[in-house]
Amino acid sequence: MKDLTMTQMMTKEDVTAMILSAKKTAGLTWEEIADKIGMSPVWTHSAAMGMNAFPAEKAKLMVSVMGLPQEAESVLAESPTKIWEQAVPTDPCIYRFYEIVGVYGPTLKALIQEKFGDGIMSAIDFEMSVTRVENPKGDRVKVEMTGKYLAYNSW
């Protein structure tokens, strides 16, 4: 983590590094942090990584919970610029989600359009949860996603 002088502006990357350091030092899980700020673990992690903007009251709570400098509040509330640095992810866990979309993306699109019409699932008005499901063949990862249906306008 770089040292910030008074003339340097704190960035989302700086705040993310501070959050990760504070999380490790405190020995907290994302679920524990999310509970403390009243948000889901999925959303909390995504926002902490700079991919979503914290509402002002949640930014204030996050700063308090994680012991961040007060200046971090405004940075957490900034609208993000979402940039992926790799076209194809190399992390095995992230790659599997990429693979799922590659294999099942057209199927999901077809089924959504059969059930709802010509449109998409929102990734803004969206909820996701990750749970562990015990199974005798080996525990399973259950990912549930719900997003508002958005019809394409035809005008």
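The values are calculated or read from the model by the stated rules, or taken from the named source; none is laboratory data. Not measured: the values here are computed from a predicted model. Here the Cβ is made from the backbone with ideal geometry for all residues, glycine too, and neighbour counts use every protein chain on show.
Considering each of Val63, Val75, Val42 in turn, give the residue that is buried (at least 17 other Cβ atoms within 10 Å of the Cβ) and under 22 Å from Ser129 (Cα atoms).
Details: Val63 fails: under 22 Å from Ser129 (Cα atoms); Val75 fails: under 22 Å from Ser129 (Cα atoms).
Of the residues listed, the single one that is buried (at least 17 other Cβ atoms within 10 Å of the Cβ) and under 22 Å from Ser129 (Cα atoms) is Val42.
Spot the failing condition for Val103; the list is (1) surrounded by 11 or more Cβ atoms within 10 Å (Cβ to Cβ); (2) outside any strand (DSSP E or B), and only one is missed.
Condition (1) is where Val103 drops out.
Just to be sure I understand, how many residues within the stretch 22-51 are out of contact with any helix residue (DSSP H, G or I) (no Cβ under 9 Å at 6 or more places or on another chain) and under 13 Å from Gly67 (Cβ atoms)?
Count: 2.
Out of all the residues in the stretch 82-101, is one or more in contact (Cβ under 8 Å) with a residue 60 or more places away in the chain and either among the small types (Gly, Ala, Ser) or outside the structural domain of Ile124 (by TED's automatic domain parsing) (or both)?
Step one: of the stretch 82-101, the residues in contact (Cβ under 8 Å) with a residue 60 or more places away in the chain are none.
There is no residue in the stretch 82-101 that is in contact (Cβ under 8 Å) with a residue 60 or more places away in the chain and either among the small types (Gly, Ala, Ser) or outside the structural domain of Ile124 (by TED's automatic domain parsing) (or both).
Can you find a residue that is assigned to a loop (DSSP other than H, G, I, E, B) and modelled with pLDDT under 95 anywhere in the stretch 133-149?
no
Residue by residue through the stretch 48-81, note down the ones that are over 23 Å from Glu31 (Cβ atoms) and free of Cβ contacts under 8 Å to residues at least 12 places away in the same chain.
Listed by number, the residues that qualify are Gln70, Thr81.
Suppose we keep only residues that are loosely packed, with under 15 Cβ neighbours inside 10 Å and either within 18 Å of Ser129 (Cα to Cα) or hydrophobic (A, V, I, L, M, F, W, C) (or both) within the stretch 23-35. Which one would you say is nearest to the chain's Cα centre (by Cα)?
Of the residues in the stretch 23-35, the ones loosely packed, with under 15 Cβ neighbours inside 10 Å are 24-27, 29, 31-32.
If we keep only those that are either within 18 Å of Ser129 (Cα to Cα) or hydrophobic (A, V, I, L, M, F, W, C) (or both) as well, we get 26, 29, 31-32.
On the way: Ala26: 21, Thr29: 15, Glu31: 13, Glu32: 16 Å.
Once the filter is applied, the top-ranked residue is Glu31.
Could you tell me how many of the residues in the stretch 82-100 are closer than 26 Å to Glu31 by Cα and in a loop (DSSP other than H, G, I, E, B)? Lay out the reasoning, then the answer.
Filtering the stretch 82-100 down to residues closer than 26 Å to Glu31 by Cα leaves 82-84, 89-98, 100.
From the residues that got through so far, the ones that are in a loop (DSSP other than H, G, I, E, B) too are 82-84, 89-91.
Looking only at that region, the number is 6.
Residues to consider are Ser122, Ser154; find the one that is surrounded by 11 or more Cβ atoms within 10 Å (Cβ to Cβ), among the polar types (S, T, N, Q) and more than 30 Å from Gly27 (Cα to Cα). Spell out how you get there, then give the answer.
On the way: Ser154 fails: surrounded by 11 or more Cβ atoms within 10 Å (Cβ to Cβ).
None of the others qualify; the one that does is Ser122.
Please work out which one of (1) surrounded by 18 or more Cβ atoms within 10 Å (Cβ to Cβ); (2) at pLDDT 95 or above is the condition Lys12 fails and give its number.
Going through (1) surrounded by 18 or more Cβ atoms within 10 Å (Cβ to Cβ); (2) at pLDDT 95 or above one by one, Lys12 breaks only (2).
List, please: which pairs have Cβ atoms under 6 Å, are six or more places apart or on different chains, and start with a residue in the stretch 35-46 that is farther than 16 Å from Lys60 by Cβ and end with one that is among the acidic types (Asp, Glu) and assigned to a helix (DSSP H, G or I)?
Pro41/Glu31
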